[in-house]
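Below is one structure, written out as structure tokens; the observations come after it.
Read-outs throughout are calculated quantities, based only on the coordinates presented, and are distinct from any laboratory measurement. What you see is a predicted model, and the numbers here were worked out from it, not measured in a lab. So basically every Cβ, Gly included, is an ideal-geometry build from the backbone, and we count neighbours across all protein chains shown.
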Amino acid sequence: MPKRSESDGLRLFGAPARSRALLAIALLEQTYLRELSRIAGVSFQSIVRIVDDLQEQGVVSTLMRGPQRIVTLNPSFFAYREVRDLLLRLAPTEPRMVKTIEDLRRRPRRRTKEV
């Protein structure tokens, strides 16, 4: 069996980009396409294709909130808990992504506070 290098990435869900996108969705719980593209390190067009495919299969669900398409794991997917738990257990395989997500500011800034 050939040895896998770290640059190969996680291929459990097909291509490494697809696996990173699913992992980011699970870690963020709720995200939008541009943020997902930036965190997963995948081009925006690829993220759109990946999310469209995953939505067609029922793994993720999307919701339009204004101009943004919000993406979450689909809680009505038959294996939702198992997929989410597996993805969360795989998080240590992508330490850079986990660190990026931990550093994200997820709440709004007070309007009167200076940037």
Hz values of 3J(HN,Hα) by residue in segment 31-37 - Karplus curve (6.51, -1.76, 1.60), Gly and Pro given as x: 8, 10, 4, 5, 5, 4, 4
Mean Cβ neighbour count within 10 Å, used as a protection proxy, ranking 27-34, 101-108, 14-21 highest first: 14-21, 27-34, 101-108
Beta bridge orientation in the chain: antiparallel %, DSSP, nearest 5: 100
Amide proton proximity set for I70, modelled H, under 5 Å, gap of 5+: L63, M64, R65
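Is it possible to state the helix-based mean residue ellipticity at 222 nm for the chain, with each DSSP H run of 4+ residues giving -39500 (n - 2.57), the sum divided by total residues, to the nearest 500 deg cm²/dmol? What is it?
That comes out to -14000 deg cm²/dmol.
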Mean-position separation - Cα centroids, segment 15-48 and segment 61-115, in angstrom: 9
Stretch gain in nm, segment V98-I70, where the contour uses 0.36 nm per residue and the Cα spacing is subtracted: 8.1 nm
Computed lengthening from Q57 to S43, 0.36 nm per intervening residue step minus Cα-Cα distance: 2.9 nm
Tilt relative to the chain, helix 44-57 - C-alpha long axis, 0 to 90 degrees, to 10: 70
